[in-house]
Amino acid sequence: MHPILFKIGNLTIYTYGTLLYIDILASLYLLSIYYKKFIDTSFDSIFNSFIILLLSMYLGGKIGYSIFNETSLDSFIISTINPFEGGLTIIGAIFGGILGVVLSAKIHKLDTLRLLDTFSFIAPFSIFIGRIGCLMAGCCYGKPSTWGIELHGCIRYPTQLFESILSLFIFIYFLYSLKGTNQTRGIYLFKFLILYGIVRFFVEYFRESQIIFLSLSLAQIFSLFMITTGLIGIILLKRKGERKV
C-alpha cells in the first residue's frame, strides 16, 4: 500500500488519483488508435462520448458505492459533490457507463451497439490500471490469508492484483480477436459482460465482502446478472445472424 505518491510542501499527490489520470489518458489514446475498427465516425464524436462516459461512470460508481455500503441519501449527495468523500464501485460504473454511452449515441446519432463495442474494447485495460490504483490506496482488499500482501494489519489475498491481471488477459484476448473480418455489432459488449462478470465473481471469493444471499455477495449477484445479459446478447446475435443466411 502506497497511498501518497509524493509531497511538495503542502501539496500532496496521491497514487490513486495519479493512476486514475493515467488510466483516462491511456484509454483515450487507445480509443484514438482503435475506434475506427468499430465505428465510422469522427474522433470528435468519440471524444465527446468519452466525456459523457466518464461522467456517467462517476455517477454510476457513486450510486453503486452507496448501494454496496448502504449509505444514506445525505452521504451519497455529499460524496457525489465532493469526489474525495466516499468511494466508487466498478460494477456501478459499468452500468452507469453503459447508460451514458446509450445516451451519447442518441445525442450524436451513432450506432449504439458499435459505440458500446468501442468502449467495451478498452474497458478491461482501464480496469487493469484502476485495480493497481486500488492496491496502492489499500481499498478493495482481500480476506486474511497465510500468503499474499500485508494490508490493514495482516496478510491478505492480493485481490486487486487478481482482478488487474485477469482484466489485462481479457484485453489481450480482445486485441487478438480484433484481427480479421469485421466483428458482429455488440459482440465486444456482450463478451466483456461475460468475461468481466466471471472475473469479478471469482475474485469475490477472496475479497472481504459481505455475504447477503445463498453464500453470495452483492457483487457476485450483479456479476451473475452481467454474465446472463452477455450470454443472452450473444445468443440473440447468433440467431439474428442465422436468419440472414
With contacts defined as alpha carbon pairs under 8 Å and 6 or more residues apart, what's the relative contact order of segment 136-188 in percent? 23
Apportionment of accessible area to carbon and sulfur, the chain, percent (1.4 Å): 67
Using a Förster distance of 35 angstrom, determine the FRET efficiency expected from the C-beta separation of SER42 and PHE202, and round it to 0.05. 0.35
dims of the chain, Cα set, principal axes, largest to smallest, nearest Å -> 60, 46, 37
Probe 1.4 Å, all protein chains in place: accessible area of LYS240 in Å², nearest 10? 90
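Which FRET efficiency value, to the nearest 0.05, is calculated for TYR176 and TRP147 with the Förster distance at 41 angstrom and r the Cβ-Cβ distance? Intermediate values should be presented prior to the final figure.
Working: r = 32 Å, r/R0 = 0.77.
It comes out at approximately 0.80.
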Using the Kirkwood formula on alpha carbons, the hydrodynamic radius of segment 147-210 in angstrom works out to 13.6
I need the helices of the chain that pass two filters: whole DSSP H segments spanning 18 Å or more by Cα along the axis, and mean Kyte-Doolittle score no lower than 0.0. 15-34, 43-69, 90-108, 112-137, 159-177, 187-203, 218-244
Measuring from label point to label point, each 7 Å out along Cα→Cβ, what is the PHE169 to LEU25 span in nm? 3.0
Accessible solvent surface per residue of the chain, calculated while the other protein chains remain in place, 1.4 angstrom probe, Å²: 56
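Tell me the net charge near LEU110. Cut-off is 14 Å between Cβ atoms, LEU110 excluded, with +1 for each Lys or Arg and -1 for each Asp or Glu.
Computed value for this residue: +1.
Given only helices, namely DSSP H runs of n ≥ 4 each adding -39500 (n - 2.57), what is the per-residue ellipticity at 222 nm of the chain, to the nearest 500 deg cm²/dmol? It would help to have the intermediate numbers written out before the result.
Numbers: 8 runs with 164 residues, N = 245.
Computed mean residue ellipticity for the chain: -23000 deg cm²/dmol.
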Relative contact order of segment 153-245, defined on C-alpha pairs under 8 angstrom at six or more residues apart (%): 34
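Of the peptides 12-25, 132-145, 114-127, how do they stack up when ordered by the mean number of other Cβ atoms within 10 Å, highest first?
Details: 12-25: 15.1, 132-145: 18.9, 114-127: 23.9.
Ranking, from highest mean packing down: 114-127, 132-145, 12-25.
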Sequence-separation-based contact order of the chain, relative, with Cα cut under 8 Å and 6+ spacing, percent: 18
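The values are calculated or read from the model by the stated rules, or taken from the named source; none is laboratory data. Just so we're clear, the structure is a prediction, and the values are computed from it rather than from any experiment. Every residue, glycine among them, receives a Cβ derived from its backbone with ideal geometry; neighbour counts consider all protein chains shown. Please note that ligands, DNA and RNA were not included when accessible areas were found on the heavy atoms of the full protein model with its side chains. Shrake-Rupley method; radii C 1.70, N 1.55, O 1.52, S 1.80 Å.
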